[in-house]
Amino acid sequence: MGLRLALSQSVGSVFAISGSDIVENGTLPIKCILQGTARTPAFSMDGEFIIGGVFSLHYKELTKIHSYTTAPEPPTCTGSVNSRELRFGRAMIFAIEEINNSTELLPGIKLGYKIYDKCASVTVATHVAFQLSNGEDPMIQTGLNCTNLGVVMGVIGASISSPSIGISRIFGPFNIPLVSHFATCACLSDKQQFPTFFRTIPSDHYQADALAKLVKHFGWTWIGAIYSNTDYGRNGMASFLEAAHREGICVEYTESFYRTEPQKIQIVADVIRRSTSIVVVAFTAAGDMKLLFEELNQQPSPPRQWIGSEGWITDLQLMRFSFCAGAIGVAIQQSVIPGFGDFLLHFWEEAFNCSLTKIFDTKKRLCDGTEDLVTLKIPFTETSKFRITNMVYKAVYAIAHAIHTAVCQETSSTSNCKKRSIAVLGTPSIIFVQVFTKLKEVNFTQNGYHVSFDANGDPVAFYEVVNWQKSESGIIEPITVGYYDASLPKGQEFRINRNLTWLDGGLEVPVSVCSESCPPGTRKVLQKGKPICCYDCIPCPEGEISNMTDSADCIACPREFWPNAEKDACFPKAVEFLSFDEILSVILAGFSISGACLAIITTVIFFHHRTTPIVRANNSELSFLLLFSLTLCFLCSLTFIGAPSEWSCMLRHTAFGITFVLCIPCFLGKTIVVLMAFKATLPGNNVMKWFGPLQQRMTVVSFTFIQVVICITWLVVSPPFPVKNLTTYKEKIILECALGSAVGFWAVLGYIGLLAVFCFVLAVLARKLPDNFNEAKMITFSMLIFCAVWITFIPAYVSSPGKFTVAVEIFAILASSFGLILCIFAPKCFIILFKPEKNTKKYLMNKTKM
């Protein structure tokens, strides 16, 4: 390679000392000699300030086998001419000529250029970098240092990131700025490693973010990813995967390849064919993508939706692959360069396979001047709108503005540029530093397009969204359908403003997911060993809902709410209580009213026949009081039906307790009177005077008063109150009366039970007394029924759920009440109504004697 070595420590010290004489002061005059053969530029023009250019004018480097016996020749290029890169080179020349003709930018100063062909090779690009740093002179007599080296003020290139990285590392120590038009690797923004690197195209950091948002915008969460095994591809894909992870996108596979690896390309193609993801994101260079498409074209894969980086999405040569119709990606903004089309039409060598010079060392014939490029339409001459070409154009102007600011003094006249004095400008190495410094500060607009750099040497990111659509003639064309502007607020950077076509020319957005979306009412459960986008849909647990698609978790409904059948919304729980409009309530109420009517009818019968022996013989006063209390017992069951309230809760329990206590002492009084009546028949026994009508009334009142005291104490200390029972049933609310004080409730029941047991014992003792109308037997039987009912009531009450607890309590009240009235009064009413002949004193006396 063209290297020069030096002993001095000056900037640009790349020369070697030639033998020389020692001068008087002991120093050596330095001759800097070029080591190796100088590389000839593809295009060059002299000027006061030179701008370098590095483009891949040919597709590949000529492969040579070295014998290691002779010095190797410089690498050379071979293969066909890359029309796109050739257009980039011509754009650089056009921009320099336009600046040289300008009266505002560098007036009076002529810019020159040296454009080299790097043959799409990093090795050649490195060789070119040294060449641009060294210059072409075989020897330079400089005196004490090599400060005349590196005559270029800046370099345009290269078109991809890997060679740009190598070139920039070489230029860094010499303060030579490298302004790339197409190197997008985010790694080049690192000013610690690449301090003199600038670019007019946005960094891949923004491109990766735009591609991830593009994928997310169309609902694709299951994708494949391929990338070029280069700095551009590796760093770009790393940025994309990071952005995709933030957007919740899962990647089925990531595969890398390079154009010189045919076996790897075949493997990648097979992976794409076997994959289940429909969408493929390709972060590759155009040359790599061309070889992959050719491999896929031999054995087409199922339809795939291609998502492309700007490295290949606008390459017209790739659009001949019809299976890629519908591809979508981000591209540099289209632009117009006035006058550039006419400039290119003079360069017809590639179109007619002829050559004006032997620059490329090809076997083409010499052009004879009869060719007419206007009649052709090829990528090189397609000049209506440009994307990357405009990035070259802007890069040249950026360096020119930096040179202008560094070397020109502002005067009242703008017709020429008054150079600063040598004392101000200093050595060439200082001029490099000045141009490099001023390049950081450029801020201008050219042809309506703004040019500036941030602290990392990057421009403001702006992309067009491009969609490959078939025209009416069947040709695939790149159509702009939207844009991505990184300067807009977060969430507003991305816009789609035109209809798109998709794979196979379809109009419906393809679906690419690992698992179908989980509907509301379900939650996602990850499948073991698979990415987060692969999951199963599990119904929400009882009492929980999910009201969004693809919900990760279910949320519990509030305490008084319950999910609907679909488990996607919470509704108020059904409120349950023993209402009057239920069949069970109607039946119980019917029995209650019937019992009360039965007690009233019995009272009427007894009152109508109050003078008959059968009524008078069985303590008619207690009988009427008993019928009154039984009527209240039947009616008190109605207080248990309906929605509980504070008053109904207090009334139902106290009314029940008091009416039954009023009822049982009547039985107790009847039984005691019978027992004492037979005791009183003994000579000298005057016990009946203590069990007259007054004493019987006092007995009933006393026993009832005790229950009243218990109930009042209960209501004062801790009364029953309405409560919403949320635990018995999860899906509904039970309105019921809480006991307040359980001691009070069981004291009321216990007192009733105590009286019932006492009455039962006395009735058993009196059951064999020889009175024809002795009620002891019937009282015994009725108390037996009463006790049996309330003993079975306790476990039934405790175990019955919800409103059935109230129903059990009502049933116990009605059952015990019916037992009492039927056992005591039914036989007597039967005699009164149907056997009046037995309702006589004679019959009673005869039965008694028997």
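The values are calculated or read from the model by the stated rules, or taken from the named source; none is laboratory data. Every value quoted in this text rests on a predicted model; they were computed, and no experiment measured them. Every residue, glycine among them, receives a Cβ derived from its backbone with ideal geometry; neighbour counts consider all protein chains shown.
Worth pointing out:
- Residue within the range 607-618 that is over 19 Å from SER817 (Cα atoms) and in contact with an Asp or Glu (Cβ under 9 Å, 6 or more places away or on another chain) present: yes
- Residues of the range 282-314 classified as assigned to a loop (DSSP other than H, G, I, E, B) and either more than 18 Å from VAL481 (Cβ to Cβ) or modelled with pLDDT of 90 or more (or both), total: 12
- Strands (runs of 3 or more DSSP E) within the range 143-232 that include 1 or more residues of a type in the set (A, V, I, L, M) and over 38 Å from the mean Cα position of the chain (by Cα): 152-156, 178-180
- Among (1) assigned by TED's automatic domain parsing to the domain that holds THR728; (2) closer than 28 Å to THR639 by Cα; (3) modelled with pLDDT of 75 or more, the one test that PHE758 misses: (2)
- Enumerated strands (runs of 3 or more DSSP E) restricted to the range 36-90, each holding at least 2 residues that are closer than 24 Å to ASP315 by Cβ: 49-55, 58-61, 77-81
- Of residues in the range 463-489 being in contact with a Phe, Trp or Tyr (Cβ under 7 Å, 6 or more places away or on another chain) and closer than 24 Å to LYS213 by Cβ, the one modelled with the lowest pLDDT: ALA486
- Test result for ALA129, out of contact with any strand residue (DSSP E or B) (no Cβ under 7 Å at 6 or more places or on another chain) and either of a type in the set (A, V, I, L, M) or at pLDDT 90 or above (or both): yes
- Qualifying residues in the range 494-516 (those that are among the small types (Gly, Ala, Ser) and surrounded by 15 or more Cβ atoms within 10 Å (Cβ to Cβ)) - the one nearest to ALA208 (Cα to Cα): SER512
- Residue check, GLN446 farther than 30 Å from SER102 by Cα and not β-branched (Val, Ile, Thr): no
- Scope the range 563-588; condition buried (at least 18 other Cβ atoms within 10 Å of the Cβ), under 18 Å from GLU809 (Cβ atoms) and hydrophobic (A, V, I, L, M, F, W, C); matching residues: PHE577, LEU578, LEU588
- Only one of the numbered conditions (1) in a loop (DSSP other than H, G, I, E, B); (2) over 30 Å from GLY802 (Cα atoms); (3) of a type in the set (Asp, Glu) is violated by GLU621, and that is (1).
- The residues of the range 88-118 that are surrounded by fewer than 24 Cβ atoms within 10 Å (Cβ to Cβ) and under 50 Å from the mean Cα position of the chain (by Cα) amount to a single one, ARG90.
- Single match in GLY47, GLY52, GLY79 (criterion: within 30 Å of ILE431 (Cβ to Cβ) and surrounded by fewer than 23 Cβ atoms within 10 Å (Cβ to Cβ)): GLY47
- Within the range 91-119, tally of residues that are assigned to a strand (DSSP E or B) and within 16 Å of GLY154 (Cα to Cα): 6
- Cross-chain or 6+ apart pairs with Cβ under 6 Å, the range 440-458 first and at pLDDT below 95, then loosely packed, with under 11 Cβ neighbours inside 10 Å: SER452/ASN443
- Condition met for ALA120 (more than 15 Å from ASP46 (Cβ to Cβ), at pLDDT 90 or above and in the same structural domain as VAL179 (by TED's automatic domain parsing)): no
- Annotation: LYS724 fulfils all but one of (1) touching a Leu at 6+ places or on another chain (Cβ under 7 Å); (2) modelled with pLDDT under 85; the unmet one is (2).
- Tally, over the range 179-199, of residues that are over 20 Å from PHE462 (Cα atoms) and not hydroxyl-bearing (Ser, Thr, Tyr): 6
- Test result for VAL396, within 28 Å of GLY339 (Cβ to Cβ), at pLDDT below 90 and assigned by TED's automatic domain parsing to the domain that holds ILE109: no
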